[in-house]
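Working notes, structure below.
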Amino acid sequence: MKTLTVREAYDWLYVDEQSPIGLTYMEWDNLLYFLEEKYNGENVVEVGNRRLRFINLVGVIQLNTVRIEILPKINLSHEESVVDRRALLNMLSITKQLPVQLNNQTISQYEKIDLSHLLAYLFVTELYKAIKRGIYRDYKQKRENLKHLKGRLLVTQHIQKNANQSIHAFCEYDELSVNVHLNQVLKAALRVIFPFIQNSNLRIQSMMIFELYEEVDDVYVDTNMLRNIAINRQNQHFKNVLALAEAILKSKSMNTENNNQIAFSFLFKMNDLYEAYVGECLSMLLAPTTSYKLDLQHKEKRLLINIRSGRENIALKPDFVVSKIEDNEAIPILILDTKWKSIFSGTNINYNQADIYQMYAYITAYQTAKRCIILYPNVLERSQLPKWKVPEVIPEKYIELTLIRLDQVENTVADLGKVIFSKGQLKI
């Protein structure tokens with residue numbers, strides 16, 4: 001099976017039946033069908049003449065004959081995808097989009113593995129590890145016509161079934177069983193991902209798990225079944241792997257009659273992921289202090305007042321507002337906004353003026369705020385980004401642009417700290 005790795009909003013996928021890095025016409029048609037079905041009307045793909053590239057979308061799409069991995073565009077100066085994948089794994093782990101927590105050491109182990117293999121590896125190894133601690137069993141109610149009394153006798157059914165068989169008893173009783181919803185979900189997820197596992201050790205472990213789950217029924221898993229699985233002391237060790245199973249099953253294409261090419265997908269909107277990641281890092285940075293408060297998607301300000309109705313119109317919603325706590329009151333002093341785009345065009349700085357106008361609206365509406373900062377991903381190592389002073393305003397207000405690294409959470413927090421703090425206090 002071929003694997004195609006592209007970078008979001010940068011690399012194109014082409015239809016080319018003769019090329020090992022091209023799509024066949026069937027793969028092309030099924031990919032378009034999948035994108036139309038899952039993202040109808042959303043701007044997640046740019047389509048040209050038998051070519052396309054993904055916009056604001058990262059992750060993996062698994063077809064029966066090809067695996068398409070979409071990585072964030074971090075490391076444009078090299079062909080190697082390790083840096084891009086490391087950044088994506090770091091963000092997914094910190095924002096808990098991956099149910100299994102990854103540290104720097106484990107990210108280093110996985111940064112050369114495409115996302116589909118990574119998902120399979122995490123699921124199979126975590127499931128195998130959990131099963132080694134003990135297969136989960138729970139009591140299931142059974143009704144049977146037995147030759148001995150067990151549990152309680154169901155009188156009505158007993159009379160109906162055994163009018164002429166006095167030696168039988170129709171009983172209802174509870175019995176420990178492996179054929180419970182939790183195991184059915186885990187087995188179903190393994191069946192989805194097993195055909196695409198290429199690592200021989202993982203395949204061996206998977207077949208051993210299938211053997212251990214021989215008495216577990218193959219069932220259709222719906223959202224109600226997932227919702228009704230309760231985690232308790234007896235099955236706590238399956239919690240992480242159950243979350244992975246849900247991720248696999250929820251991303252599976254169910255329309256197999258219409259489209260047997262799509263197996264599953266594991267995709268994320270990059271704008272949302274980047275914003276969520278920065279929010280987690282800011283929380284880590286500000287957590288040690290009680291002097292400051294962080295608000296996400298702050299909605300308390302309006303830009304204009306309608307003179308006819310007297311109502312405040314045009315809501316402002318900056319990504320993050322940092323306030324200083326004074327006399328139990330939160331006073332906004334710093335506004336932060338994320339932009340998932342490269343600020344560089346070749347060697348030139350190329351910011352969007354509309355973004356600056358937006359920052360000017362923020363810094364104007366938040367009268368106590370003195371700084372407004374746009375946070376861009378650090379694609380290329382550069383310095384001396386623009387910083388503007390708002391004219392004729394007292395106290396002085398500034399609009400700034402800055403870069404943050406995404407390869408490790410420690411680096412992101414450090415970069416945010418340099419921008420926000422000076423000697424333990426917010427820069428103002």
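Summary of values
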| item | result |
| --- | --- |
| Cα lying deepest toward the dipole's positive end in the chain, options TYR220, ILE356, VAL100, charges on Cβ | VAL100 |
| Residues ILE333, ILE193 arranged by fewest to most Cβ contacts within 10 Å | ILE333, ILE193 |
| In Å, descending, principal axis extents of the Cα set of segment 358-411 | 38, 20, 18 |
| Debye, to nearest 20: dipole size of the chain, +1 on Lys, Arg Cβ, -1 on Asp, Glu Cβ | 900 debye |
| Estimated translational D of segment 9-88 in µm²/s (Stokes, Kirkwood radius over Cα pairs; 20 °C; 1.002 mPa s) | 159 µm²/s |
| Footprinting exposure proxy for ASP218, ASP29, ASP327 (fewest neighbouring C-beta atoms within 10 Å first) | ASP327, ASP218, ASP29 |
| Helix-derived mean residue ellipticity, 222 nm - over the chain, DSSP H n ≥ 4, -39500 (n - 2.57), to 500 | -10500 deg cm²/dmol |
| Degrees between helix 82-94 axis and first principal axis of the chain (Cα, 0 to 90, nearest 10) | 70 degrees |
| Distance histogram in 20 Å bins (all Cα pairs of the chain, percent per bin) | 21, 43, 27, 8, 1, 0 |
| Eligible lysines near LYS140 by straight Cα distance, threshold 24 Å, same-chain separation 8 or greater | LYS132, LYS150, LYS161, LYS187, LYS239 |
| Segment 1-147 - Rg (one decimal) and Dmax (whole number), Cα, Å | 19.9, 76 |
| Sorted by Cβ neighbour density within 10 Å, fewest at the top, the residues THR5, THR412, THR368, THR289 | THR368, THR289, THR5, THR412 |
| Computed over the chain: relative contact order in percent, which uses C-alpha pairs under 8 Å that are six or more apart | 13 percent |
| Simple spin-label estimate for GLN297 and GLN18 in nanometres, 7 Å along Cα-Cβ | 5.1 nm |
| Set of lysines with alpha-carbon distance to LYS370 below 19 Å, sequence-local pairs under 8 removed | LYS293, LYS299, LYS301, LYS317, LYS324, LYS387, LYS389, LYS397, LYS418, LYS423, LYS427 |
| Quotient of C-alpha Rg and 2.2 N^0.38 Å, computed over segment 315-428 | 1.08 |
| Nearest 10 degrees, 0 to 90: helix 25-38 Cα axis against the chain principal axis | 80 degrees |
| Mean-position separation - Cα centroids, segment 311-351 and segment 1-33, in angstrom | 38 Å |
| Most fluctuating residue given options ILE131, ILE61, ILE107, as computed from a GNM of the chain linking Cα atoms under 10 Å | ILE131 |
| Angle between the chain longest axis and helix 270-286 axis [Cα atoms, degrees, rounded to 10] | 80 degrees |
| Peptides 334-341, 88-95 ordered by average Cβ neighbours within 10 Å, highest first | 88-95, 334-341 |
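Rule-based calculations on the coordinates, nothing more; no lab input. Remember, predicted model here, so these are calculated numbers, not experimental data. Quick reminder, even Gly has a Cβ in these numbers, built from the backbone with ideal geometry, and neighbours come from all protein chains shown.
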